[in-house]
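**Q** Right, I'll just put the structure down here and ask away after.
The values are calculated or read from the model by the stated rules, or taken from the named source; none is laboratory data. Nothing here was measured: the structure is a model prediction, and the numbers come from that model. So basically every Cβ, Gly included, is an ideal-geometry build from the backbone, and we count neighbours across all protein chains shown. What goes into the accessible areas is simple: the full protein's heavy atoms, side chains included, and nothing from ligands, DNA or RNA. Shrake-Rupley method; radii C 1.70, N 1.55, O 1.52, S 1.80 Å.
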Amino acid sequence: HYFIQSNLRFFEKQSNILKDAHKNSSWLKKSGIPVILCTNESCCSTGRLADNLRNIGYNVTSRDIISPISVITQVIQDNHYKPYVLVNDRVSPEFDQFEQGKPDVVIIGDAEEKFTYESLNETFKLLIDGKRKFYCLGRSKFYHASGELKLDLGCFVAGLEYSTQREAECIGKPNSSFFKMAAARLGLECSDVVMIGDDIDSDVGGAMNAGCQGILVRTGKFRESDSNHPTVKPTLIVEDFCQAVDIITEAFRRASL
C-alpha cells in the first residue's frame, strides 16, 4: 500500500499551487492510492479548509484533512478540559463549545497579530505554577506565503517553554503521533506511508521519525541547505509535487504487477 500525506499551507492566494496539487492528488486516487491532506494550519478550521478546496475543484470533506484544530478539539472533548486558548480569531469559535472558566489546560496556536506582550504574559502566568497541561498546535519555525517566508508558531512556544521551564505537548507536525493519527484514519501502518512536503524538519523529519518514508520537494519552504541536513535524510528529494506523484504511481504500478 502507499498513502500520501500532502503538506499544503492553505492560502487562497496560493490557488494555482493548490490546483496543481489537486490534479496530481486526483491521479493518485484514480491509481488506487489513498490520500490525506496533513497540515499544521491552525488559523482555519478543517471545515473551512475543505470549503476553500472544494471552491477550486477538490473533491474533499473535512475527513480528508487532519489538522491541529481537529485533533485538539477532540482531545478537549475526550478529557473534559476547560481550555485557555491563545489562537487566531478565525478559529476561536471552534472552542466556544467548551467551558473556559478556571482553565485546566493551556493551548497556543498560530495567533498571528494576537501574539502581544499582554497575551503571552497572561499565558505565562497560567503556566508558571505547573498545574495546567500545556499544548501547542505545531512547532514550525516559519512558513511560506504570498511569495515570502513568515514567522511561525515555534518561536513563541519556545519562549514560553524557556520562561516557564515547561515543555508543551505538540499537536501537529513534527510530532510522530500526528502522523500516526493520519495513517490510522485510513487504516494503514506508517511503514506504508509516504509523506510529501517542503519542510525538512516538520514534514519529512517528523514523518520519518514516525516510521514513514519522506519525500522533500524543492518548492515553497525548501532551501538548498536542506539537501545536506545534519540529521534528516529524506528518502528522496525531487523538484516538485508532480515529480513525486510520478515516482509513487510508477512504484505502485510495478508493485501491482
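**Q** Would you mind checking which residues have amide H under 5 Å from Leu153's amide H? H placed 1.01 Å from N; only 5 or more apart, or other chain.
**A** Those lying under 5 Å, H to H, from Leu153 are Ser140.
**Q** Tilt of helix 241-256 relative to the longest C-alpha principal axis of the chain, in degrees (0 to 90, nearest 10)?
**A** 60
**Q** Separate question: Length gain on complete extension for the stretch Asp104 to Arg63, per 0.36 nm per residue less the alpha carbon to alpha carbon distance?
**A** 11.9 nm
**Q** Let me ask something else about it. Would you mind getting the accessible area per residue of segment 51-144, heavy atoms of the protein chains only, 1.4 Å probe, in Å²?
**A** Per-residue value: 51 Å².
**Q** Taking the Cα centre of segment 72-163 as the origin, how large is its charge dipole in debye, to the nearest 20, when only Lys and Arg (+1) and Asp and Glu (-1) carry charge on their Cβ atoms?
**A** The calculated dipole for segment 72-163 is roughly 300 debye.
**Q** Now, a different point. Kindly express, to the nearest 10 degrees and within the range 0 to 90, the angle between helix 154-164's C-alpha long axis and the longest C-alpha principal axis of the chain.
**A** 30
**Q** Can I ask one more? Report the relative contact order of the chain, percent, no decimals, based on alpha-carbon pairs under 8 angstrom and at least 6 residues apart. Write down the numbers at each step before the final one.
**A** Numbers: 451 pairs, mean separation 46.6, N = 257.
Here the relative contact order equals 18 percent.
**Q** Arrange the residues His229, His80 by how much accessible surface each exposes, largest first, with a 1.4 angstrom probe. Can you show the working numbers first?
**A** Numbers: His229 25, His80 150 Å².
Highest to lowest solvent-accessible surface, that is His80, His229.
**Q** At a Förster radius of 22 Å, what calculated FRET efficiency corresponds to the Cβ-Cβ distance of Ser225 and Ser177, to the nearest 0.05?
**A** On the way: r = 28 Å, r/R0 = 1.28.
Once the sixth-power term is evaluated, E becomes 0.20.
**Q** While we're on this one: If I fit a long axis through the Cα atoms of helix 46-55 and take the longest principal axis of the Cα atoms of the chain, what angle between them do I get, 0 to 90°, rounded to 10?
**A** 40
**Q** Considering Cα pairs under 8 angstrom that are at least six residues apart, work out the relative contact order of segment 123-172 and quote it in whole percent. Please report the intermediate quantities before stating the final value.
**A** On the way: 62 pairs, mean separation 22.1, N = 50.
Normalised by residue count, the contact order of segment 123-172 is 44 percent.
**Q** For the charge dipole of the chain, defined by +1 on Lys and Arg C-beta atoms and -1 on Asp and Glu C-beta atoms about the Cα centroid, which residue among Tyr58, Pro83, Gly101 has the Cα displaced farthest towards the positive pole?
**A** Tyr58
**Q** Assign unit charges at the C-beta atoms only (+1 for Lys and Arg, -1 for Asp and Glu), then state the dipole size of segment 96-147 relative to its Cα centre in Debye, rounded to the nearest 20.
**A** 320
**Q** Right, another one. Considering only protein heavy atoms and a probe of 1.4 Å, how much of the accessible area of the chain is carbon and sulfur, as a whole percent? Can you show the working numbers first?
**A** On the way: 6040 of 12450 Å².
Answer for the chain: carbon and sulfur cover 49 percent of the accessible area.
**Q** Need the C-alpha centroid separation for segment 127-204 versus segment 222-257, integer Å.
**A** So the two Cα centres are separated by 22 Å.
**Q** Rounded to the nearest 20 Debye, what is the dipole magnitude of the chain about its Cα centre when Lys and Arg each give +1 and Asp and Glu each give -1 at the C-beta?
**A** The dipole magnitude comes to about 460 debye.
**Q** Can you tell me, using C-alpha contacts under 8 Å and at least 6 residues apart, the relative contact order of segment 78-165 as a whole percent? Could you put the intermediate results ahead of the total?
**A** Working: 116 pairs, mean separation 22.2, N = 88.
Averaging sequence separation for qualifying contacts and normalising by length gives 25 percent for segment 78-165.
**Q** Moving on to the next point. Counting GluC sites (Glu not before Pro) as exposed when in a DSSP loop with at most 16 other beta carbons within 10 Å, what is the longest stretch of the chain free of them? Walk me through the intermediate numbers first.
**A** Details: sites that count: Glu99, Glu167, Glu189, Glu239.
In the chain, the maximal stretch lacking such sites is 1-98.
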